[in-house]
């Protein structure tokens with residue numbers, strides 16, 4: 001189930017050309033969204049986070 005979620009997030013990330021850091025532990029997934037180039041949260045991060053939240 002966790003891997004299925006990661007794959008869905010991956011497809012969204014590819015569509016938006018913005019990729020979260022993801023950590024998988026057994027059946028849990030942690031997603032971290034931040035623009036590393038500016039070391040801050042940007043509108044792109046918020047858009048991606050909202051898209052990911054729709055999967056939950």
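Remarks
- No other residue among 27, 7, 17 is touching a helix residue (DSSP H, G or I) at 6+ places or on another chain (Cβ under 7 Å) and either loosely packed, with under 10 Cβ neighbours inside 10 Å or free of Cβ contacts under 8 Å to residues at least 12 places away in the same chain (or both) apart from 27.
- Residue match in the range 18-38 (condition: in a helix (DSSP H, G or I) and on the phi < 0 side of the Ramachandran plot): no
- Among residues of the range 45-56 that are farther than 16 Å from residue 5 by Cβ, those with a Cβ under 9 angstrom from a residue that is at pLDDT 95 or above and assigned to a helix (DSSP H, G or I), sequence gap 6+ or separate chain, pair up as 47/16.
- Test: residue in the range 44-53 that is touching a strand residue (DSSP E or B) at 6+ places or on another chain (Cβ under 9 Å), at pLDDT below 95 and surrounded by 13 or more Cβ atoms within 10 Å (Cβ to Cβ): no
The values are calculated or read from the model by the stated rules, or taken from the named source; none is laboratory data. Predicted, not measured: the structure shown is a model, and the values here were computed from it. Note: ideal-geometry Cβ built from the backbone for every residue, glycine included; neighbour counts use all protein chains shown.
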